[in-house]
Amino acid sequence: MKKLIAAALVAGMVFSVSSMSLYAEEGGPLVMATSAEFPPYEYHDGDEIVGIDAEVAAAIADELGMTLEIQDMAFDSILAAVQSGKADMGVAGMTVTEDRLKNVNFTDTYAEAAQVIIVQEGSEIAGPDDLEGKVVGVQLGTTGDLYCDDVNPRSVERYNKGFEAVQALLQGKIDAVVIDREPAKVFVEENEGLEIVDEAFTEEEYAIAIAKDNTELVDKVNDALATFKESGELQEIIDKYI
Ligand code: ARG
């Protein structure tokens, strides 16, 4: 037992030392945590992770004189990675919510977003209220997941990746998917027989998550975002993908 505790302590120390060094390290990389199955914000293109968030983050790193390192993980691990210092920032089409603000800082917002409902063509579901009594698929830990219970669904099926929920919908295992609007558009375009319900589920805004104690980085990223908004660079990146 003692040995176990000692090992845990050492592991904890190593962890905190290396996590401290990431951002502080002169010339070290700026580490971005993301979940790269969320087109057009972050997705794999061959070996590379591309998308709006990847490019915005690369531009921020450049502005700060740093190189960008991307760590791909499950969406619901991103905030823990940021809080523990394993990553400097979470850039993942992440919606600002009151609850998340208790655990991390958010930068200024950089995109308007929404949760929308995807259904099979011809479905009777025409808006959020129609999800009552239905089986709804979401990506684990997303705002779709967090807010879905409000409409009294029969059940909420939680998937690790958004497209797994879409796959289940195609197979008729679930009645609808609640997911962010831009990925929804991509998934509907790629798969026949699906449509997006006109009435949105929520309106939201995306921002970058940074550890509570790293206000210095929040300020720097906000300065960079302001520069890109003014120069049109942010819009250029968005226009490339949307
Ligand atoms: N906007 C939603 C949220 O913040 C979903 C984001 C999912 N992002 C991702 N890269 N998979 O909860």
Kindly evaluate Q139 against the criterion of being within 16 Å of the ligand (Cβ to nearest atom), under 19 Å from P39 (Cα atoms) and without any contact (Cβ under 8 Å) to a residue 60 or more places away in the chain. no
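Look at E55 and say whether it is open to solvent by 40 Å² or more (accessible area, probe 1.4 Å) and within 17 Å of A211 (Cα to Cα). Talk me through it step by step, then tell me what you get.
Numbers: open to solvent by 40 Å² or more (accessible area, probe 1.4 Å): yes; within 17 Å of A211 (Cα to Cα): no.
It is false that E55 is open to solvent by 40 Å² or more (accessible area, probe 1.4 Å) and within 17 Å of A211 (Cα to Cα).
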Taking the conditions exactly as written (touching a Lys or Arg at 6+ places or on another chain (Cβ under 9 Å) and either within 17 Å of S35 (Cβ to Cβ) or part of a loop (DSSP other than H, G, I, E, B) (or both)), does E69 satisfy them or not? no
Tell me, which strands (runs of 3 or more DSSP E) wholly within the stretch 91-155 include 3 or more residues that are under 26 Å from Q235 (Cβ atoms) and open to solvent by less than 20 Å² (accessible area, probe 1.4 Å)? 111-120
Can you work out which of the residues in the stretch 58-87 that are without any contact (Cβ under 8 Å) to a residue 40 or more places away in the chain and closer than 23 Å to N103 by Cα is nearest to the ligand (Cβ to nearest atom)? D72
Here the residues within the stretch 30-47 that are among the acidic types (D, E) and either modelled with pLDDT under 95 or away from the ligand (no atom under 16 Å from the Cβ) (or both) are D47
Within the stretch 163-216, the residues that are of a type in the set (V, I, T) and closer than 22 Å to A111 by Cα are V177, V178, I179, V186, V188, I196, V197, T202, I208, I210, T215
Does the stretch 167-178 contain at least one residue that is within 30 Å of V31 (Cα to Cα), within 11 Å of the ligand (Cβ to nearest atom) and open to solvent by less than 60 Å² (accessible area, probe 1.4 Å)? yes
Is there a residue being open to solvent by less than 40 Å² (accessible area, probe 1.4 Å) and of a type in the set (S, T, N, Q) anywhere in the stretch 69-76? no
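The values are calculated or read from the model by the stated rules, or taken from the named source; none is laboratory data. Just so you know, these numbers come straight off a predicted model, no measurement behind them. Note that each Cβ is placed from the backbone with ideal geometry, even for glycine, and that neighbours are counted across all protein chains shown. Side chains included, ligands, DNA and RNA excluded: accessible areas come from the protein's heavy atoms. Shrake-Rupley method; radii C 1.70, N 1.55, O 1.52, S 1.80 Å.
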